[in-house]
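Before any comments, here is the structure.
The values are calculated or read from the model by the stated rules, or taken from the named source; none is laboratory data. These numbers come from a predicted model, not from an experiment. Cβ: placed from backbone, ideal geometry, glycine included. Neighbour counts: every protein chain shown.
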Amino acid sequence: MVTRQTAMHPRPIIVWFRQDLRLADNPALVEALKVGPIIPLFVLDDVTPGIWKPGGASRWWLHHSLQSLAADLVARGSKLILRKGTAGAVIASVAAETNAQAVYWNRLYEPYAIARDAQIKAALAANSVSTHSFNASLLAEPWTVKTGSDSPYKVFTPFWRSLSSRYRNEPLLPAPRKMRAPSAWPQSDAIRAWQLLPTKPDWTKGFASRWRPGEHGAHQTMVNFLDLALDGYAANRDRPDMAGTSRLSPHLHWGEIGPRQIWHALATSMDRNDGVETHATKFLTEIGWREFAYHLLYHFPQMTERNLNPAFERFPWMDSEKRFKAWSSGRTGYPIVDAGMRELWATGYMHNRVRMITASFLIKHLLIPWQHGARWFWDTLLDADLANNSASWQWVAGSGADAAPFFRIFNPMIQGEKFDPDGRYVRKWVPELAGVDTKHIHRPWTASNFTSLGYHSPIVDHVHARSQALEAFKMCRNTASSPGAGGPIVPPPTFSYRVRER
């Protein structure tokens, strides 16, 4: 029997925000509001993810995104509760403090998150608190897209053909205009107490002028892309010297915008302008790669650390901390590589074409394991995403699903000449080369005044490095395919290096 007190003050529902920091098209939020008053909660859990807790650049983004979400909630009569600690303990504590009847959340697909959420669900059920989870970050759940033999896809093209052919562009969920508040609010941490922003030194000074974290920033970024860059995207997306990409990736990672919303926006653009269909379709393929990365992560959770192709467990990597530091600081002597690494450090972002070039250089010119590059990107990229990061690095390395073959070794000079033909990108990020003429910009050591430029000589010779990489791959392949034990597994080198100061 419902008492008068319970009828007047129904038990609240905790809406656990994670990587879904938006109000529009947020199924957990919308469904929770149908049941009763809600308590929006975000937990900073730096324990459960282990080495995959948010990196330095991601923490800057998270700080500002949470501030944006909090303001949007206040405008609707609600508030965001912040707690720091192990998610399971925090959720249990807040549920007990508020006598919550249920916890609603949108699903995550990282291995640690799947295990953690299952434990939380069981613990809450034991205390008569129900849980409800939803899909807010993918077009399709990873377990719903399968081959004809009921197995996961390992090749992108048939995966995307299957998913996109059956995806239905259903209506989006509107953002709630008003939210019912509980009778009392639990205590909240102050976001500044979390110290997500670096201070000594503050290496994020170049971020704020280029980025606007939060749901409003995400939608404005999408509008800008549709208005200014979609027409021509198929050709311009590979040009780092042009504003030809969407720059939506950090917004997507934190769920300030979802792929369903992007699909809707692109469909609307195609309805209004037939001429952008080719470009919109190409951009949707990039959304498809993100879906494929999550598909792989769900079915092959070891891919964050281990090669999907076991042959690469025997690759003869080099142990060179000196070379890694030259790469990470943009001091390799190859302009397009150095420009990319310096852009990353200054802005928290790197153009996708340049990501492939820099990754190939680390793996195949320097013979340093992709895991070290993935860790560096995890800490320095604003859009650091475990599925995308792992799948993309393994793609470049040749060790992943549907990967580029190892013998596809990017020539950094040709890549620069092809995708930065006038040298604008290099001149912007490598000021030592600002005065070098276009003929020599991607091969500055051929310029007569090279010694006076103050720029590094190449740390490796391209021809020799390529030959060395191919020989290493030959050894790896022959060892893996030989009869018997196949040789010992060669662990990646474990040298240490400093990343962003916390």
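Some points to look at:
- Candidate set: segment 167-217, residues that are within 26 Å of LEU248 (Cβ to Cβ) and polar (S, T, N, Q); chosen: the one modelled with the lowest pLDDT: ASN169
- Subset of segment 232-246 that is part of a loop (DSSP other than H, G, I, E, B) and among the small types (Gly, Ala, Ser) - its residue that is nearest to the chain's Cα centre (by Cα): SER246
- Given (1) in contact with a His (Cβ under 9 Å, 6 or more places away or on another chain); (2) on the phi > 0 side of the Ramachandran plot, index of the condition GLY85 fails: (1)
- Any chance ASN273 is at pLDDT below 95, closer than 20 Å to ILE409 by Cα and out of contact with any Leu (no Cβ under 7 Å at 6 or more places or on another chain): no
- Being small (Gly, Ala, Ser), in contact with a Ser or Thr (Cβ under 8 Å, 6 or more places away or on another chain), outside the structural domain of SER246 (by TED's automatic domain parsing) and within 25 Å of HIS440 (Cβ to Cβ) holds for only one residue in GLY348, GLY333, and it is GLY333.
- As for segment 450-458, it holds no residue that is in contact with a Ser or Thr (Cβ under 6 Å, 6 or more places away or on another chain), more than 15 Å from LEU367 (Cβ to Cβ), of a type outside the set (Asp, Glu) and in a loop (DSSP other than H, G, I, E, B).
- Residues of segment 311-329 classified as of a type in the set (Gly, Ala, Ser), modelled with pLDDT of 90 or more and either farther than 24 Å from ALA404 by Cα or not assigned by TED's automatic domain parsing to the domain that holds SER392 (or both), total: 2
- Residues (touching a residue at least 12 places away in the same chain (Cβ under 8 Å) and either surrounded by fewer than 21 Cβ atoms within 10 Å (Cβ to Cβ) or over 23 Å from SER329 (Cα atoms) (or both)) located in segment 390-407: ALA391, GLY398, SER399, GLY400, ALA401, ASP402, ALA403, PHE406, PHE407
- Taking first residues from segment 333-354 that are closer than 18 Å to GLY56 by Cβ and partners that are among the charged types (D, E, K, R), the Cβ contacts under 6 Å between residues at least 6 apart in sequence or on separate chains come to THR347/ARG210; MET350/GLU343.
- Matching option when the condition is within 14 Å of ALA465 (Cα to Cα), not in a loop (DSSP other than H, G, I, E, B) and not acidic (Asp, Glu), among ILE357, ILE368, ILE363, ILE414: ILE363
- Within segment 256-313, restricting attention to residues that are surrounded by fewer than 21 Cβ atoms within 10 Å (Cβ to Cβ) and not in a helix (DSSP H, G or I), the residue that is nearest to the chain's Cα centre (by Cα) is GLU305.
- Residue in segment 299-310 that is within 22 Å of PHE419 (Cα to Cα), in contact with a Leu (Cβ under 9 Å, 6 or more places away or on another chain), among the β-branched types (Val, Ile, Thr) and not assigned by TED's automatic domain parsing to the domain that holds PRO111 present: no
- Flag for ALA384 being modelled with pLDDT of 95 or more and not in a helix (DSSP H, G or I): yes
- When restricted to residues that are of a type in the set (A, V, I, L, M, F, W, C) and over 17 Å from ILE409 (Cα atoms), segment 319-356 contains 8.
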